[in-house]
Amino acid sequence: MSKPISIEVWNPSGRYRVISTKSMPGTRWIRLLTDQDCRVEICTQNKTILSVEDIVSLIGEKCDGVIGQLTEDWGEALFSALRKAGGRAFSNMAVGYNNVDVNAATKYGVAVGNTPGVLTETTAELAASLSVAAARRIVEADQFMRAGLYDGWLPHLFVGNLLKGQTVGVIGAGRIGSTYARMMIEGFKMNLVYYDLYQATRLEKFVTAYGQFLKSNGEQPVTWKRAATVEDVLREADVISLHPVLDKTTYHLINKERLAIMKKEAILVNASRGPVIDEAALVEHLKVNPMFRVGLDVFEDEPYMKPGLADQKNAIVVPHIASASKWTREGMATLASLNVLGAIKGYPIWSDPNRVEPFLDENSPAPAACPSIVNAKQLGLTASKL
């Protein structure tokens with residue numbers, strides 16, 4: 001680096017040096033570290049995404065652990081530098097870790113943490129928000145008003161889609177997908193069709209019970225169906241929300257061919273991973289299908305959008321804010337810091353990474369455990385009995 005990277009230092013005399021590559025919401029995460037004799041250095045460089053060279057410079061000659069971000073390329077170079085500096089701990093401030101070469105971390109004996117269990121409701125709420133905003137054309141209408149174009153009520157002005165009684169499709173019915181489904185079913189009395197490799201038994205039981213409740217009150221009951229294929233969901237659903245993991249089988253899961261079998265006025269929502277959608281194919285589909293609408297929180301080549309996407313009025317695009325509620329982001333910072341602290345201190349691994357409430361309770365001491373270490377087995381780390 002041509003000049004030093006600017007940092008903010010907490011507890012300068014702390015025994016363990018912990019780096020955070022970004023300022024994170026809240027202060028509890030800082031206190032949890034400094035109370036355990038950690039010197040905390042927070043990068044304050046005015047740069048959205050740090051390069052590998054930037055982070056190597058931050059690590060320096062002595063570093064015990066790093067809290068990083070999903071925009072950073074954590075591979076061989078960084079884990080080698082961290083290990084050379086005496087570090088054994090890294091945590092993403094994210095549930096996903098597609099930016100992390102876990103094998104390289106394991107090779108250098110570095111524990112890799114992530115932050116599941118705290119994003120479920122927040123992410124599902126954002127997906128539901130995008131669904132409603134797309135259905136009722138809220139962003140288009142807002143822009144219309146701000147441009148001073150409204151000169152009176154008209155029968156056809158921004159006519160959108162009614163959600164009540166329609167079918168919501170969920171691809172990937174894990175924690176977030178199932179929570180989103182419940183929101184749409186309870187909120188709008190939508191029927192459900194879902195696709196997942198595993199049966200979502202709890203979700204099915206909920207929809208059945210809710211349908212019986214509606215029927216007992218003289219209302220039309222809601223229904224559910226587990227689809228045999230992704231195509232079945234795309235053909236049947238009026239609103240489709242994507243919640244799969246990202247791997248070789250789900251890369252470009254939504255492509256030109258699958259877009260073509262969806263309803264002309266369907267709504268597609270993605271708050272999972274950008275590469276799940278072939279974004280270039282989506283742009284072309286939006287151009288020729290003006291009543292097809294999409295809500296996107298993630299993008300294939302983030303932070304960039306494919307050419308033409310921003311020009312489509314039938315696309316709502318937001319900058320990866322699915323987890324951006326105050327409670328969730330502060331919780332993510334807390335979990336990431338406790339992953340690093342636990343690995344430094346040699347704490348065991350928490351038995352259930354999705355049951356994180358004990359770590360988030362500000363009125364009680366955090367458990368002496370690492371909330372979630374993805375390569376715990378490879379490193380031979382012991383499980384907590386707490």
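The values are calculated or read from the model by the stated rules, or taken from the named source; none is laboratory data. Keep in mind the model is a prediction, meaning the values are calculated, not measured. Neighbour counts run over all protein chains shown; Cβ positions are idealised from the backbone, glycine included. Accessible surface areas use protein heavy atoms only, side chains included; no ligands, DNA or RNA. Shrake-Rupley method; radii C 1.70, N 1.55, O 1.52, S 1.80 Å.
For segment 33-128, run through the trypsin sites (Lys or Arg not before Pro) and keep only the ones in DSSP coil with at most 13 other Cβ atoms within 10 Å of their Cβ. All intermediate terms of the calculation are to be shown ahead of the outcome.
Details: sites: Arg39, Lys47, Lys62, Arg83, Lys84, Arg88, Lys107; in loops: Lys47, Lys62, Arg88.
Hits after loop and neighbour filter: Lys47, Lys62.
Mind checking which of Val245, Thr382, Gly165 is farthest towards the positive end of the chain's charge dipole, using Cβ charges of +1 (Lys, Arg) and -1 (Asp, Glu) about the Cα centre?
The one lying farthest along the dipole's positive direction is Thr382.
Classify segment 97-149: rounded, prolate or oblate, from the alpha-carbon gyration tensor (a ≥ b ≥ c, eigenvalue square roots; a/c under 1.5 rounded; otherwise prolate if a/b is larger than b/c)?
Working: a/c = 5.47, a/b = 3.01, b/c = 1.82.
Taking the square roots of the gyration eigenvalues as a ≥ b ≥ c, segment 97-149 is prolate.
Please get the size of the charge dipole for segment 126-176, origin at its Cα centre, with Cβ charges of +1 on Lys and Arg and -1 on Asp and Glu, quoted in debye to the nearest 20. Write down the numbers at each step before the final one.
On the way: 5 positive and 3 negative charges, 50 e Å.
Around 240 debye, computed over segment 126-176.
With every protein chain in place, what's the accessible area of His252 (1.4 Å probe, Å², nearest 10)?
About 40 Å², ignoring ligands and nucleic acids.
Among rounded, prolate and oblate, which fits segment 193-337 when a ≥ b ≥ c are the square roots of the eigenvalues of its C-alpha gyration tensor, a/c under 1.5 means rounded, and a/b larger than b/c means prolate?
Because a/c hits 1.5 or more and a/b fails to exceed b/c, segment 193-337 counts as oblate.
Would you kindly derive the ³J(HN,Hα) couplings of segment 66-77 from the backbone phi angles with the Karplus curve 6.51 cos²θ - 1.76 cosθ + 1.60 (θ = phi - 60°), listing them in order in whole Hz, with x for Gly and Pro?
9, 9, x, 10, 5, 7, 9, 9, 8, x, 3, 4
Dipole of segment 171-325 (Lys/Arg Cβ +1, Asp/Glu Cβ -1, origin at the Cα centre): which of Ser325, Gly274, Ala200 lies farthest to the positive side?
Of Ser325, Gly274, Ala200, it is Ala200.
Just to be sure I understand: with springs between alpha-carbon atoms less than 10 Å apart, which residue in Ser129, Ser325, Ser216 has the highest mean-square fluctuation in the Gaussian network model of the chain?
Ser216
Under unit Cβ charges (Lys, Arg +1; Asp, Glu -1), what dipole magnitude, rounded to 20 debye, does the chain have relative to its Cα centre?
On the way: 42 positive and 41 negative charges, 120 e Å.
Result for the chain is approximately 580 debye, rounded to the nearest 20.
Among Asn11, Ile59, Cys43, pick out the residue whose Cα is farthest towards the positive end of the charge dipole of segment 1-76, where Lys and Arg carry +1 and Asp and Glu carry -1 on C-beta, about the Cα centre.
It is Asn11.
Charges at C-beta only: +1 for Lys and Arg, -1 for Asp and Glu. How large is the resulting dipole of segment 208-353 about its Cα centre, in Debye rounded to 20?
Values: 17 positive and 18 negative charges, 45 e Å.
Using only the charged Cβ atoms, the result is roughly 220 debye.
Could you work out the local net charge near Lys313, counting Lys and Arg as +1, Asp and Glu as -1, over the other residues with Cβ closer than 13 Å to its Cβ? Can you show the working numbers first?
Details: positive: Arg137, Lys287, Arg293; negative: Glu140, Asp142, Asp311.
Taking every Cβ under 13 Å from that of Lys313, the sum is 0.
With a 1.4 Å probe and all protein chains left in place, how much of the accessible area of the chain comes from carbon and sulfur atoms, in whole percent? Provide the component values of the computation, followed by the final result.
Working: 9980 of 18820 Å².
The nonpolar share, carbon plus sulfur, comes to 53 percent.
For the chain, the longest stretch holding no GluC sites (Glu not before Pro) located in a DSSP loop with at most 13 other Cβ atoms within 10 Å is which?
Numbers: sites that count: Glu61, Glu219, Glu362.
Value returned for the longest uninterrupted segment is 62-218.
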